Amino acid sequence: VLAYLNLDNLHDPQAFGEDSLEAARFFAAPLAALLHESQTRKLLEEAALTDPLTGLPNRRAFEQVFLEELKRAERYGYPLSLAVLDLKGFKAVNDRLGHAVGDQALMKVAEVLEKERRNGDRPFRWGGDEFAVIFPHTPKKGAVAASLRYARAIMGLCFDGICLGANIGLATFPEDGKTPDELLSAADTRMYQAKAQGVAVLA
């Protein structure tokens with residue numbers, strides 16, 4: 001139900017003549033169509049920005065939000081941190097247990113990110129087995145602490161003896177870059193360095 005139109009007169013049962021009812025019907029039909037169109041458009045917009053498997057905002061949503069948050073950070077002079085997260089052990093889950101279990105693993109990771117996130121943290125499904133988190137108003141030290149919490153929680157996810165892990169690269173505005181590309185490049189590079197060094201978080 002999108003809307004409810006009620007016409008009533010508590011004193012006169014004959015208050016509404018046929019012409020009045022016809023006017024109400026004439027008014028209600030296009031209004032209902034407009035409401036339905038608006039609701040449909042909203043659902044389509046949400047679907048376009050949501051990863052269907054995990055329910056997290058997708059990469060397209062990330063790009064919009066990151067640009068908006070970066071502009072705010074620049075305008076008001078507060079720090080902004082970004083984490084790029086790559087799963088360890090996910091390929092083994094997919095290869096040995098199948099893609100259905102792999103999908104389940106991704107959904108569990110998304111649940112962990114939602115459960116562990118602080119107020120203001122913005123997690124996203126980046127694509128494949130990669131996720132991203134935007135930390136508004138957060139300097140590097142706070143982002144490292146939050147990322148370590150995410151990494152520990154993901155380490156608790158095991159599937160038929162295969163446990164997941166995470167390598168996380170961090171970048172912070174303004175010291176690591178002032179544009180989306182600079183910050184993404186810095187975070188992505190550190191994520192690969194963390195993977196090579198076997199550490200959970202590198203900032």
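All of the numbers you see were taken from the coordinates with simple rules; none came from a lab. Note that the structure is a prediction, hence the values are computed from the model and not measured. Heads up, the Cβs are rebuilt from the backbone with ideal geometry, glycines too, and the neighbour counts pull from every protein chain shown.
A few comments on the model shown:
- The Cβ shell under 10 Å around residue 86 holds other residues with a net charge of -1, Lys and Arg each +1, Asp and Glu each -1.
- Between 0 and 90°, nearest 10: helix 180-197 axis offset from the chain longest Cα axis: 50
- Computed from the Cβ-Cβ distance with R0 of 41 Å, the FRET efficiency linking residue 68 to residue 3 stands at 0.85.
- All other residues whose Cβ lies under 13 angstrom from that of residue 24 are scored, Lys and Arg at +1 and Asp and Glu at -1, for a net of -3.
- Here the chain has an Rg and Dmax of 24.3, 83 Å, counting Cα atoms alone.
- With q set to 0.14, 0.24 Å⁻¹, the log10 of I(q)/I(0) for region 25-130, from the Debye formula over equal scatterers at the Cα positions, is -0.72, -1.29.
- Degrees, to the nearest 10: 18-48 long Cα axis against longest axis of the chain: 10
- Counting charges near residue 148 (Lys, Arg +1; Asp, Glu -1) among other residues having Cβ under 12 Å from its Cβ returns a value of +2.
- The C-alpha atoms of the chain define a longest principal axis, and helix 99-116 lies at about 80 degrees to it.
- For the pair residue 34 and residue 96 in one chain, pulling the backbone fully straight at 0.36 nm per residue adds 17.3 nm over the alpha carbon distance.
- Overall dimensions of region 1-48 as given by Cα atoms, namely Rg and Dmax in Å: 15.5, 50
- Secondary-structure-derived ellipticity at 222 nm for the chain, considering helices only, amounts to -17000 deg cm²/dmol, per-run term -39500 (n - 2.57) for DSSP H runs with n ≥ 4.
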